[in-house]
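Q: Can you read through this structure? Questions will come right after.
The values are calculated or read from the model by the stated rules, or taken from the named source; none is laboratory data. What you see is a predicted model; the values in this text were computed from it and never measured. Note that each Cβ is placed from the backbone with ideal geometry, even for glycine, and that neighbours are counted across all protein chains shown. We work out accessible area using only protein heavy atoms, side chains counted, and drop any ligands, DNA or RNA first. Shrake-Rupley method; radii C 1.70, N 1.55, O 1.52, S 1.80 Å.
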Amino acid sequence: VGTMKRPIKRLPDGEFTILKVIWQLPNPTTSTQIMEKLGDDNHWKPQTLLTVLARLTEKGFLESVRKGRERQYTAIISEDEYLEVETSDFLKRYSGHSMGGFVKTLFSSSSLSEDELDELRTLLNHKK
């Protein structure tokens with residue numbers, strides 16, 4: 001999976017929702033498989049989904065290939081690559097790019113479980 005030539009831009013929530021579903025499915029995937037994966041809470045009409053898929057393709061997040069009567073979609077931006085952009089964007093907007101300020105807010109405003117704290121400790125120890 002290669003990276004895009006142009007910088008990755010933050011996606012609107014609707015497009016991000018569809019991209020998250022695509023990451024959970026085997027690549028390549030079809031709009032039918034995406035609709036099935038969306039399941040019961042699916043409020044998407046097939047035509048709307050196709051429009052969003054076309055937008056994601058145009059923006060460079062997906063590759064689209066016609067196979068017979070259906071298009072197949074492959075994510076060309078990984079979940080990790082995109083989450084890096086979201087995290088960086090979030091930090092810039094909300095904490096003046098200060099990781100310390102962000103972590104302080106996180107600890108004071110939410111109750112982290114012991115497992116989450118252990119995971120954070122492990123991550124920090126690996127960064128040394």
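Q: Applying the selection to the range 52-89, what residues are part of a strand (DSSP E or B) and not charged (D, E, K, R)?
A: Of everything in the range 52-89, those that are part of a strand (DSSP E or B) and not charged (D, E, K, R) turn out to be L62, S64, V65, Q72, Y73, T74, A75.
Q: Restricting to the range 79-100, name every residue that is at pLDDT 75 or above and not acidic (D, E).
A: Taking the range 79-100 first, the residues at pLDDT 75 or above are 79-93, 100.
Listed by number, the residues that qualify are Y82, L83, V85, T87, S88, F90, L91, K92, R93, G100.
Q: State which residue is nearest to K9 (Cα to Cα) when the search covers only the range 25-61 and only residues that are open to solvent by 30 Å² or more (accessible area, probe 1.4 Å) and of a type in the set (S, T, Y).
A: Restricting to residues being open to solvent by 30 Å² or more (accessible area, probe 1.4 Å) and of a type in the set (S, T, Y), the top hit is T57.
Q: Can you list residue pairs whose Cβ atoms sit under 9 Å apart, with the first residue in the range 112-125 being over 17 Å from G100 (Cα atoms) and the second being exposed (fewer than 11 other Cβ atoms within 10 Å of the Cβ) and not polar (S, T, N, Q)? Count only pairs 6 or more apart in sequence or on different chains.
A: Between residues of the range 112-125 that are over 17 Å from G100 (Cα atoms) and residues that are exposed (fewer than 11 other Cβ atoms within 10 Å of the Cβ) and not polar (S, T, N, Q), there is no close pair.
Q: All but one of (1) assigned to a helix (DSSP H, G or I); (2) in contact (Cβ under 8 Å) with a residue 12 or more places away in the chain hold for K9; state the number of the condition that does not hold.
A: (1)
Q: Spot the failing condition for R71; the list is (1) open to solvent by less than 40 Å² (accessible area, probe 1.4 Å); (2) touching a residue at least 24 places away in the same chain (Cβ under 8 Å), and only one is missed.
A: The failed condition is (1).
Q: Go through the residues of the range 43-50 one by one and say whether even a single one is of a type in the set (S, T, N, Q), out of contact with any helix residue (DSSP H, G or I) (no Cβ under 9 Å at 6 or more places or on another chain) and assigned to a helix (DSSP H, G or I). First the steps, then the outcome.
A: Step one: list which residues in the range 43-50 are of a type in the set (S, T, N, Q), which gives 47-48.
Adding the requirement that they be out of contact with any helix residue (DSSP H, G or I) (no Cβ under 9 Å at 6 or more places or on another chain) leaves 47.
If we keep only those that are assigned to a helix (DSSP H, G or I) as well, we get 47.
Yes, there is a match, as at least one residue in the range 43-50 is of a type in the set (S, T, N, Q), out of contact with any helix residue (DSSP H, G or I) (no Cβ under 9 Å at 6 or more places or on another chain) and assigned to a helix (DSSP H, G or I).
Q: Taking I8 as the residue in question, decide whether it is β-branched (V, I, T) and at pLDDT 90 or above. Talk me through it step by step, then tell me what you get.
A: Working: β-branched (V, I, T): yes; at pLDDT 90 or above: no.
For I8, the condition - β-branched (V, I, T) and at pLDDT 90 or above - is not met.
Q: Does T17 qualify as being in a helix (DSSP H, G or I), polar (S, T, N, Q) and open to solvent by 60 Å² or more (accessible area, probe 1.4 Å)? First the steps, then the outcome.
A: On the way: in a helix (DSSP H, G or I): yes; polar (S, T, N, Q): yes; open to solvent by 60 Å² or more (accessible area, probe 1.4 Å): no.
Against the criterion (in a helix (DSSP H, G or I), polar (S, T, N, Q) and open to solvent by 60 Å² or more (accessible area, probe 1.4 Å)), T17 does not qualify.
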